[in-house]
């Protein structure tokens, strides 16, 4: 399985670069070709998806390493209004469009809710970190995505609560888990990790293992407390951002992150059932088009309202102009809870894949990214 995935990825990635496509498109396409709904060469999607989720965890951890806590607090205050208002706009648009195409009120509401999120992976994987302008763009992008992650947690709990019933425990874990995680992270970093890094900083293998253990440990604790593991990993990274060794950790973990992200995008492409595409393709194209227009416009208008420049607002809007991996999660959870039909679930998947592909292609052509083909546009 691993041989097929990475050999095929190498071939398609080469073709993608020659044709000025994003590498992420190559990962999705390979999954569609090799998955159980086409050639059936990689049938075990659950294993691939589980491996791929580790890539998201590492991605958020590495991003946290680059963001100083004081900058994060300032940016979160600034973008709260942006994230909330844009979310309501996208929910309303998705709801109206789905009602028009014959979906029920509940299905339309869930589809609109699922598609309001922007992709953490697309937004951050294509973001350069070596230019002053993009350092600020990155702060804005990360802040908006983090606010959306918090909204996603609430949505997931609401879906679970609609089936299991709302309990005091479900409410309490949202209110108290996040502050507790932050407190634990900074206390452990100050009184445990700092001392270990200082004492054994010359043993590079130990630094590598301790960093992975810290990232995965806090991610698992977050998941256990009902907060997403991605947020736990991000908090773990932010707690280490002020440590002098953070850059070494970031450099060493990037190849590991890339390995797992290939698996994640492969699993998305492989999991799409083409048998439903004939029934939903027209609706999916219309809905994807509306999202890719409405999201950049909404972000642009709202970011300008909170004082960002026209250049920053425009670029952030384009970089966040797609659906999200959370869209897939919300759709799958709602389907398993019998709140939406399989047709609605596959519509969410189709729109997510379409917007992933088009948005990646647009960003790679229009803005500097680590994946750009032209030398002047390639920024690591």
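The values are calculated or read from the model by the stated rules, or taken from the named source; none is laboratory data. Quick caveat, the model's predicted, so the values are computed rather than measured. Reconstructed Cβ throughout: ideal geometry from the backbone, glycine too, with neighbour counts over all protein chains shown.
Can you give me the ranges of the helices (runs of 4 or more DSSP H) entirely in region 178-248 with at least 3 residues that are without any contact (Cβ under 8 Å) to a residue 60 or more places away in the chain, closer than 18 Å to residue 60 by Cα and in contact with a helix residue (DSSP H, G or I) (Cβ under 9 Å, 6 or more places away or on another chain)? Fully inside region 178-248 and qualifying: 204-224. Tell me yes or no: at least one residue of region 279-294 is more than 30 Å from residue 14 (Cα to Cα) and buried (at least 22 other Cβ atoms within 10 Å of the Cβ). Checked against the condition, which is being more than 30 Å from residue 14 (Cα to Cα) and buried (at least 22 other Cβ atoms within 10 Å of the Cβ), region 279-294 yields at least one hit. Only a single item in (1) surrounded by 12 or more Cβ atoms within 10 Å (Cβ to Cβ); (2) modelled with pLDDT under 70 is not met by residue 186, and it is number (2). If you go through region 275-285 one residue at a time, do you hit one that is modelled with pLDDT of 90 or more and out of contact with any helix residue (DSSP H, G or I) (no Cβ under 9 Å at 6 or more places or on another chain)? Looking through region 275-285, at least one residue is modelled with pLDDT of 90 or more and out of contact with any helix residue (DSSP H, G or I) (no Cβ under 9 Å at 6 or more places or on another chain). For the criterion of being part of a helix (DSSP H, G or I) and touching a residue at least 60 places away in the same chain (Cβ under 8 Å), residue 272 fails.
Taking residue 255, is it outside any helix (DSSP H, G or I) and either touching a strand residue (DSSP E or B) at 6+ places or on another chain (Cβ under 7 Å) or surrounded by fewer than 15 Cβ atoms within 10 Å (Cβ to Cβ) (or both)?
Taking the combined requirement at face value, the residue does not satisfy it.
Among the residues of region 316-335, is any without any contact (Cβ under 8 Å) to a residue 24 or more places away in the chain and under 20 Å from residue 127 (Cβ atoms)? Checked region 316-335: at least one residue is without any contact (Cβ under 8 Å) to a residue 24 or more places away in the chain and under 20 Å from residue 127 (Cβ atoms).
Residue-by-condition table, conditions (1) within 17 Å of residue 147 (Cβ to Cβ); (2) under 22 Å from the mean Cα position of the chain (by Cα):
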site	(1), (2)
291	no, yes
298	yes, yes
304	no, no
317	yes, yes
326	yes, yes
335	no, yes
339	no, no
